[in-house]
Every structure is written in C-alpha cells, then in structure tokens.
Amino acid sequence: MNNLSLRKQKTVSGFLRRFNAALFLFFFFFLEAAAQQPEKPMDKSNFSLTSSAFLGGETIPSKYTCDGQDISPPLAWNDPPAGTVSFALISDDPDAPSGNWVHWVLWNIPADVRSMPENTAKMSVLTDSTRQGITDFGRAGYGGPCPPSGTHRYFFRLYALNTALELPQRTGKNQLLHAMKNNILATAELMGKYSRQR
C-alpha cells in the first residue's frame with residue numbers, strides 16, 4: 001500500500017472517530033435535556049359543564065330568572081382530573097352596569113358529586129356540606145338573571161380543586177377566588193344569555 005492510500009485511510013478513520021464522538025455527545029445531551037423537561041399537565045379539555053335547561057350560548061329560560069320562578073337551573077359535569085377533592089362554582093354577569101354582578105357562589109361541593117339539581121335550596125350549608133356564599137343580591141344561594149336592559153351573558157364556572165376550603169359563611173366571589181387561586185386543577189364553563197321581554 002502506497003503512502004497516498006495510507007494517508008486517505010487515516011483521514012477517513014479520523015473523520016469516523018470524530019463523527020462517532022459528535023454523535024455520542026448529541027444523543028447524550030438530547031437525552032439529558034429530555035429527562036429534565038417538566039411533565040406535561042394532563043389534558044383537561046374533556047372537563048365540561050352542561051345544563052339540560054339550555055345549551056351553551058343560548059337563551060336561559062325565564063323560569064330561572066327574576067321574570068319567572070327565580071330558581072337555579074340544573075347543572076351537570078363529567079369526571080374531573082385525578083386529585084380533585086372538591087368543586088367550587090361561580091355564576092356572574094360581566095355585562096351588568098356595575099361591571100360584574102355575582103349571581104351564585106358555592107364551594108366544598110363534594111368530589112363525587114356530578115350535578116347540581118334544579119331549584120337548589122337558598123341556604124348557607126346544603127345537606128351534602130356544600131357551602132353557598134353571598135351574592136350581589138346580598139344573600140346566600142342563587143339569584144337569577146334580571147338585566148335592566150339589553151341582552152346579558154351569564155357565566156357558570158366550575159372549578160375542580162385539590163383541597164377543601166375553610167371560609168367564613170358570608171364569603172363572596174372575590175374572597176373565594178383568592179382562597180382557591182393556587183388549588184385549581186381544571187375549570188369548566190357554561191354561558192347562557194338573557195334579555196327581559198317588556
């Protein structure tokens with residue numbers, strides 16, 4: 001074998017050694033970086049809130065407003081994320097002249113509950129230990145839509161929490177939001193509309 005062939009062989013051999021070393025380092029750092037990536041949160045997109053009384057984005061029947069019986073609508077939801085200890089629920093009207101009007105505040109709904117019945121009692125503590133806070137009507141329990149004019153949106157937001165909450169009896173929306181802000185696993189939302197017929 002002549003000197004030219006030996007030099008070519010050494011050149012190819014050196015290239016292969018450097019290539020293999022670079023490939024090894026690439027996979028080492030790739031695996032190291034992958035191991036340090038935080039675990040992706042569970043997909044919570046299937047956690048949903050519905051009502052048999054109205055569809056999302058549709059009109060809330062007058063039965064559940066100040067023009068009717070002013071009783072709470074039936075609500076239902078599916079299984080929450082693992083680790084859920086309790087639920088909280090807030091209903092409000094962001095279109096109110098005051099900027100936001102709170103219609104319903106609940107917390108410590110047991111984790112095995114999957115619905116709120118129509119005409120939930122307007123009392124501070126329900127039979128299953130669910131707590132109801134103070135709304136902008138100045139009382140515990142549901143207060144239905146009663147817009148002064150135009151069409152308003154009414155949001156029902158259900159929160160899956162990783163804890164139960166110890167809160168005073170006259171807790172309102174803002175106090176509830178502050179107490180649970182670091183304990184929310186997932187949120188489900190239902191929106192209905194209402195305008196009064198005069």
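With a simple spin-label model that places each label point 7 Å from the Cα along the Cα-to-Cβ direction, the separation between S124 and A53 comes to 2.5 nm.
Stretching the chain fully between Q197 and I184 yields a gain of 0.9 nm (0.36 nm per residue, less the alpha carbon separation). For S86, the residues 5 or more places off, or on other chains, whose built amide H falls under 5 Å of its own are L161, T163. For A96, the residues whose amide H sits under 5 Å from its own are W101, ignoring neighbours fewer than 5 places away on the same chain, with H placed 1.01 Å from N. Might you report the magnitude of the Cβ-based charge dipole of region 32-183 about its Cα centre, with Lys and Arg at +1 and Asp and Glu at -1, to the nearest 20 debye? Computed charge dipole of region 32-183: roughly 280 debye. Under 16 Å from a point placed 7 Å out from the Cα of V113 along the Cα-to-Cβ direction: which residues of region 54-97 have their backbone N that close? Residues 72-80, 84-91 fall inside that zone.
Applying a threshold of 19 Å to the alpha-carbon distances of K122/K173; K122/K193; K63/K193 flags K122/K193 as lying beyond it. Can you list residues whose amide H is under 5 Å from M116's amide H, if they're 5+ apart or on another chain and H is modeled 1.01 Å from N? Amide H neighbours of M116: L75, A76.
Where a number appears in this text, it was derived from the coordinates with a stated rule and is not lab data. Every value quoted in this text rests on a predicted model; they were computed, and no experiment measured them. Note: ideal-geometry Cβ built from the backbone for every residue, glycine included; neighbour counts use all protein chains shown.
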